[in-house]
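Values quoted throughout were computed directly from the atomic coordinates according to the rules given, and no laboratory measurement underlies them. Every value quoted in this text rests on a predicted model; they were computed, and no experiment measured them. Don't worry about glycine lacking a Cβ; one is built from the backbone with ideal geometry, like all the others, and counts go over all protein chains shown.
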Amino acid sequence: MQHQNNHHKPFLIIAFTCIILLLISVVIPQKFWKNNNLSAVHIFSDLESRHTQKISAKNKKIKIGAPLKDLVKDTIETNKDVAIIIRNDIGIEHPDTLKLQNGMDAFLTSLNQQYIHKNRKVRIGYYGDSMIEGDLITQTIRAILQNKFGGDGVGFIPATSIVAHFRQTVRTYANNNWEDVNFNNNKQKLIIGFSGHTFFAKNNANIIIKPGGGRHLSSLYDVSILYGNGTLDIACNKQYYKLNGKGYFNVAKLNEDSDLKLLELDVNESKTPLYGFTSESKTGVILDNLSFRGTSGTELTRLNSKMLTQIDSLRPYDLLVLHYGPNLLYNDSIVNFKYYQKQLEKSIKHLRKAFPSTSILIISTADKAFKVDGEFRTGDGVENLLDAQQAVAQKFGCAFFNLYEAMGGYNSMKTWAEKKPILAGSDYTHFNQSGSAKIGRLIGNAILNEYEQAYPTR
């Protein structure tokens with residue numbers, strides 16, 4: 001019996017498949033894949049020449065002037081590849097029109113008054129996502145500003161935190177008798193604290209707070225508790241307090257010692273919302289790290305407006321910083337951020353209503369890389385997101401810092417993550433401790449240079 005020769009069939013199948021894929025890659029437009037969040041079919045991509053450089057932000061309004069003063073030396077081990085691409089000439093942008101609140105003018109005025117008279121607090125609320133968790137980036141900015149304008153203490157301290165073990169600037173040890181109601185699990189529609197968290201003490205709730213150590217952080221300073229409407233029975237280092245809060249936001253001093261090395265609190269079970277604690281000196285710069293993993297800044301509209309207004313009366317901010325971006329770039333195909341721009345505008349309006357005299361600074365998204373055709377490169381949506389953030393800042397009179405350009409622009413995250421010493425993680429999104437310190441210096445130096453330009457004789 002004669003057998004049929006089928007040796008040619010695999011070749012025919014492969015050839016037929018290639019023809020089908022070729023037709024798909026040619027006939028179906030690239031727009032189709034992006035609109036449907038799909039990876040494009042392009043079988044000859046490996047044969048095409050890859051562009052390793054790109055003129056980034058060609059349509060951006062980048063503030064470039066005379067070389068800015070290097071007010072703070074970078075003590076991190078030098079990464080020569082990163083040093084080449086960093087833009088030290090990127091300054092903080094202000095809105096074009098004087099009809100709007102002009103960027104950081106009010107904040108810079110407050111800084112100058114403290115610099116001259118040494119008699120006031122200048123408070124910063126720094127909102128962000130996992131990029132600033134554990135006080136990364138913000139601890140460097142805080143140190144830079146406190147070195148220049150005075151101030152001690154870490155500022156806001158949450159009762160519990162998923163990164164408490166990681167944070168170096170303050171040490172907290174809480175038992176399991178705390179309930180954390182936050183942006184993600186607020187099914188009962190309770191009032192959420194200004195950090196995005198509200199804590200409720202269950203039976204025998206306990207927390208121990210210790211200073212992190214180092215300049216400006218070697219002690220706990222004038223510790224206070226921040227809480228909502230209701231009563232709290234607490235013991236602070238064996239001293240008992242019965243607190244009775246009548247507003248949405250209340251502040252009670254627990255200790256006025258400026259050289260305190262440990263604070264232990266025991267809180268009786270209560271339905272009264274507890275927002276957290278503070279450690280801050282009587283004068284100088286105080287920076288609150290208000291990180292919340294997975295957020296984009298649009299969640300801020302969920303904060304109770306009456307609570308925020310009372311914060312503005314009792315513990316006002318001179319500057320609010322919004323530092324977001326990576327969580328919107330979860331897919332390389334996401335390139336349209338008009339929806340986000342509208343939501344961010346609502347957040348700014350919400351904050352402005354509660355804090356009418358407070359300056360607002362928007363920090364743009366950093367670079368974020370995705371693996372395409374076997375290599376990492378800047379995501380297609382990064383600069384579009386930056387455009388949206390910049391447009392909001394311009395429209396509402398906020399200051400704006402282009403972090404993407406400052407760190408080197410297109411494909412800079414690839415350099416930060418791959419060139420030794422490594423400054424970013426293998427996710428090509430987050431900075432490690434050394435990289436975060438460098439980013440903190442970029443932002444901190446930009447703020448100091450803005451001050452130097454506004455008050456050159458100081």
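Here are some notes:
- Cβ-Cβ distance of Asn204 and Gln433, R₀ of 60 Å, FRET efficiency by 1/(1 + (r/R0)^6): the value works out to about 0.95.
- Inter-site label distance for Asp180 and Ile162 at 7 Å from Cα along Cβ, in nm: 0.7
- Normalised by 2.2 N^0.38 Å, with N the number of residues, the alpha-carbon radius of gyration of segment 156-282 equals 1.00.
- Charge dipole magnitude, Cβ of K and R +1, D and E -1 - segment 156-282, Cα centre, debye nearest 20: 200
- Zone of Gln113's modelled label, taken as backbone nitrogen in segment 286-302 under 20 Å from a point 7 Å along Cα→Cβ: 286-288
- Average projected area [Cα convex hull, segment 148-202], square nanometres: 5.2
- Exposure proxy shown here: for Ile20, Ile334, Ile141, the number of other Cβ atoms within 10 Å sets the order, fewest to most, as Ile20, Ile334, Ile141.
- Between the amide H of Phe376 and any residue lying 5 or more places away or on another chain, no distance stays under 5 Å, with hydrogens modeled in the peptide plane.
- By the count of neighbouring beta-carbon atoms within 10 Å, fewest first, Phe16, Phe200 end up ordered Phe16, Phe200.
- Theoretical gain in end-to-end length, Lys271 to Ala391 [0.36 nm per residue, Cα-Cα removed]: 39.0 nm
- Cα-based Kirkwood hydrodynamic radius, segment 328-428, one decimal, Å: 14.7
- Extreme residue, positive dipole direction of segment 138-221, given options His216, Ile157, Asn186 (C-beta unit charges): His216
- For segment 156-282, DSSP calls about 100 percent of its internal beta bridges antiparallel.
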